[in-house]
Amino acid sequence: MNKIIEARFIGPNVKLFKIEAPKIAEKRKAGQFVMLRVHDNGERIPLTIADSDANEGWIEIIAQGVGKTTKLLNMLEAGDYIHDLVGPLGKPSHIENFGTAVSIGGGVGTAIAYPIAKALKEAGNYVISIIGGRSKEYVILESEISRFSDEVYPTTDDGSYGFHGFVTQKLQELIDSGKQIDFVLAIGPVPMMEAVAKITQPYGIKTVVSLNSIMVDGTGMCGGCRALVNGETVFVCVDGPEFDAHQVNFKVLKDRNNTYFLEEKESLHDYECHLDQAFFTLLKKQKQGEN
Amino acid sequence: MGQYPPVELLPSKERTKIPRHKIPEQDPNVRRANFKEVNLGYTIEMAQAEAQRCLMCANPPCIGGCPVNIKIPQFIEKIREGDIAEAARILKEDNALPAVCGRVCPQEEQCEIVCVLTKKFQPVAIGNLERFAADWERENIGIQVPKIESKTGKKVAIIGGGPAGLSAAGDLIRMGHDVTVFEALHEIGGVLVYGIPEFRLPKVIVRAEVEALAAAGVKFEKNFVVGLTSTLDEMMQQFDAAFLGVGAGLPYFMNIPGEELVGVYSANEYLTRVNLMRAYDFGPNDTPLINIKNKTVAVIGGGNTAMDAVRTSLRLGAKRAMIVYRRSESEMPARIEEVHHAKEEGVEFMLLASPTEYLGDERGWLRSMKVQHMELGEPDASGRRKPVPIPGAIEEIPIDVAVVAIGNGSNPVITRATPDLKTNKWGNILVDKTTMKTSKKGVFAGGDIVTGGATVILAMGAGRTAAKYINEYLMNPDFVWDWE
Ligand SMILES: Cc1cc2nc3c(=O)[nH]c(=O)nc-3n(C[C@H](O)[C@H](O)[C@H](O)COP(=O)(O)OP(=O)(O)OC[C@H]3O[C@@H](n4cnc5c(N)ncnc54)[C@H](O)[C@@H]3O)c2cc1C
Ligand SMILES: Cc1cc2nc3c(=O)[nH]c(=O)nc-3n(C[C@H](O)[C@H](O)[C@H](O)COP(=O)(O)OP(=O)(O)OC[C@H]3O[C@@H](n4cnc5c(N)ncnc54)[C@H](O)[C@@H]3O)c2cc1C
Ligand code: SF4
Ligand code: SF4
Ligand code: FES
């Protein structure tokens, strides 16, 4: 069990947690993730390590409440415990000084791109961050990202804040302005990552995406997270999660991510109708840090 | 003093006439719809009557057939005498997990095949008796904590909580060392908890064994991936020796078209979702599985894993559940009992057949499978007749779910992070066969990570051997660590 030191919403349905995890904090590099379970009958889900401090022994994760597990997680507060937490998993991002790097985050993808963009800056890149959201309140981490980015462009679909349009339109605008771009990192919904890949391909700009496939163990044991990259099967949890965007088969990723569509809906529905009272008892115990 | 009245020994002649006692089991039509254990176990009367059949051979070949050399006639005699506690104690001198092995060992290839009764009559049901004694102990007096030698002050890290790691931990704690087991998952047991289903090996049995080890002083650190959470090198600064029992956890696929379709699972994923994550009870448990009710499931392979996956499918409500295996039945590596149980439950067997392609719909969901039928050709290097494709004999079969159970390679997480650990070309860790020491000083290894996918008892045997030499290494200053 790992203790939550701090918990606060940073956007609608998006919550940031600072968690005691000295071992993980010591080892973790940008791009790596953890897997956690919220309670003893819970699902194992992957979440990126957004930040960490080895001296103080904590890691930070940012979760968007989309289904049962993430919504349960987002009910936890400082002082509560994470039932199981394992990591750091996955390969660290490949960081080097590419020159000018554009980091694009869509929705909660911004939280996943954030530590990598920071590492790119530390490696000497000129970092341009594009942070997309549906509307103003969905643009997250802007002040954190501004701290290290050379240029920051918030974008909103409805024009309520920053650039009016999709992150891809902003990227196209940057390219059209004649700016030299050496590297693009794109993390967000699959259609967004696919669209970015389509834009950068004709220009031959090296582009990396982080794949959000469905995972079970996160250690290479089950093969459930497999994706097709360059026509070959890869296990995202151990071979990734980052891959060359121009080689990823996004259709397979989208299809596979829809595998449990019906079950997830059912699970969320039951949960939201408060049918599983048993769970609330569990959560209470959880809050007291019992097993 | 026994717990039950002894059963008098009959003359040898009469004893050989007693037929082997079948273990009571759930009716196939009932059990194919539940996850409860298939075999129900002997009563004390049955156990004592079966024990009566053992001839107490002076030179018992059965002991040599058991990879850990359990003192078989001795423990069986105690059952006949009614002293089950003592029978369990004798078992545990050589086997840390008798309740598990009695259930899952391929006895027909090990202890029972060499029993002197096998040729003319039927072998003594050694596995069933082993299980009986171990279950009796757990249910009646609780698993007894063994005597612990005085503390040595030496610290040993056991990496991997499967049968290899657990048996090494059990021996090393008895020898007085300070033992910590590091496990990547959130539950201890390895394949015993994520692979082998509840209906063959109830989880409570594994959990009780783990609790007994904890009571003896073994520490457990779950959610700890060696190679990622800490490297082996870092751990060796805090521990005097380490044992690697990380198993063979990397599922093979066939690399045929369509394997990425939704509905194609590896057996590891399918079984992990159902067993470890309890997807068979979705609702109270959050981890889903594709709904199997009234679906057709094809399981590719002929080993224990394949049998577990196909029988699991029936229990999840499959309309048709079939094994697709490229050789013939006699070559299937699964335990005979599992194949027999699968047939009783209604599993279909498509032998001498191998999938060549999976076909899906526009949503990327599996719809059918193309199968190449085979015939037996010339014997290959292993002496088995090789299946060869019959030209043109390709059939398309509608299926909803495919489970690929063709074996596991070695998981590279540890070896990637430990470059000085020597491996063969398949990634198996190389060890000295006598002592189980690796190319890295202070580090021993055993189980599936060394041999490739094998059996529970072989993994446990390797764990024991390693424990013996870890003790040597820690306590004997003359122990040399030579490695060519
Ligand atoms: C490497 C990696 C890093 C990630 N980092 C973050 C992060 O930092 N912040 C964040 O909010 N989200 C992150 N995600 C996504 C997050 O794991 C899913 O949103 C979460 O699992 C949803 O679970 P649920 O039960 O709440 O929702 P569900 O209703 O179960 O599912 C909603 C959607 O999430 C996906 N999903 C479901 N189960 C899993 C699973 N076991 N593993 C992966 N995806 C699943 C499916 O595509 C599904 O359609 C990451 C995913 C991956 C693979
Ligand atoms: C479905 C199935 C059915 C089977 N049925 C039978 C049967 O009926 N009879 C039989 O005798 N055998 C059977 N086997 C084979 C038997 O289970 C294995 O041979 C045996 O479990 C191997 O034991 P092990 O300890 O070497 O590895 P495992 O049982 O695989 O345990 C290894 C453990 O190490 C952990 N681990 C891996 N990497 C790390 C790391 N980096 N850090 C920390 N921990 C790590 C894993 O999570 C796992 O818990 C079956 C196997 C399967 C898959
Ligand atoms: S451990 Fe296995 S091989 Fe040995 S006696 Fe028991 S059942 Fe037989
Ligand atoms: S070989 Fe058979 S009869 Fe002889 S001691 Fe062993 S179990 Fe008994
Ligand atoms: S999540 Fe199981 S192999 Fe990647």
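The values are calculated or read from the model by the stated rules, or taken from the named source; none is laboratory data. Keep in mind the model is a prediction, meaning the values are calculated, not measured. So basically every Cβ, Gly included, is an ideal-geometry build from the backbone, and we count neighbours across all protein chains shown.
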Exercise. Which numbered condition trips up B:Arg89, out of (1) closer than 15 Å to B:Asp135 by Cβ; (2) in a loop (DSSP other than H, G, I, E, B); (3) among the basic types (Lys, Arg)?
Worked result: (2)
For this session: Scan B:Ala99, B:Ala85 and give me the residue that is surrounded by fewer than 19 Cβ atoms within 10 Å (Cβ to Cβ), among the small types (Gly, Ala, Ser) and touching a helix residue (DSSP H, G or I) at 6+ places or on another chain (Cβ under 8 Å).
Result: B:Ala85
For this session: Name, by its number, the condition in (1) away from ligand 2 (no atom under 16 Å from the Cβ); (2) acidic (Asp, Glu); (3) at pLDDT 95 or above that does not hold for B:Asp281.
Result: (3)
For this session: Go through the stretch B:437-462 residue by residue and tally those that are more than 11 Å from the chain's Cα centre (by Cα) and more than 22 Å from B:Gln237 (Cβ to Cβ).
Result: 7
For this session: Could you grab the pairs with beta carbons closer than 6 Å, sequence gap of 6+ or different chains, first residue in the stretch B:93-118 and more than 9 Å from ligand 3 (Cβ to nearest atom), second one of a type in the set (S, T, N, Q)?
Result: B:Ala96/B:Ser167
For this session: Restricting attention to the stretch B:253-289, report how many residues are within 24 Å of B:Ala417 (Cβ to Cβ) and more than 9 Å from chain A (Cβ to nearest Cβ).
Result: 0
Exercise. Has the stretch B:52-61 got any residue that is in contact (Cβ under 8 Å) with a residue 60 or more places away in the chain, closer than 21 Å to B:Lys203 by Cα and crowded, with 16+ Cβ neighbours inside 10 Å?
Worked result: no
Problem set entry | Search result, residues across the stretch A:184-221 that are under 14 Å from the mean Cα position of the chain (by Cα), within 14 Å of chain B (Cβ to nearest Cβ) and either among the polar types (S, T, N, Q) or part of a loop (DSSP other than H, G, I, E, B) (or both) | A:Leu211, A:Ser213, A:Ile214, A:Met215
For this session: Could you list all residues from the stretch A:222-237 that are within 7 Å of chain B (Cβ to nearest Cβ), closer than 17 Å to A:Pro46 by Cα and either among the acidic types (Asp, Glu) or more than 6 Å from ligand 5 (Cβ to nearest atom) (or both)?
Result: A:Arg226
Seminar exercise, completed: Considering only strands (runs of 3 or more DSSP E) wholly within the stretch B:184-295, the ones with at least 1 residues that are away from ligand 5 (no atom under 16 Å from the Cβ) are B:219-221, B:241-244
Problem set entry | the stretch B:345-364 residues that are in a strand (DSSP E or B), paired with ones that are hydroxyl-bearing (Ser, Thr, Tyr) (beta carbon under 8 Å, 6 or more apart) | B:Phe349/B:Tyr325; B:Met350/B:Tyr325; B:Leu351/B:Tyr325; B:Leu351/B:Ser328; B:Ala353/B:Tyr325; B:Tyr358/B:Ser368; B:Leu359/B:Ser368
For this session: Could you please find all residues in the stretch A:242-265 being of a type in the set (D, E, K, R) and more than 10 Å from chain B (Cβ to nearest Cβ)?
Result: A:Glu242, A:Asp244, A:Lys265
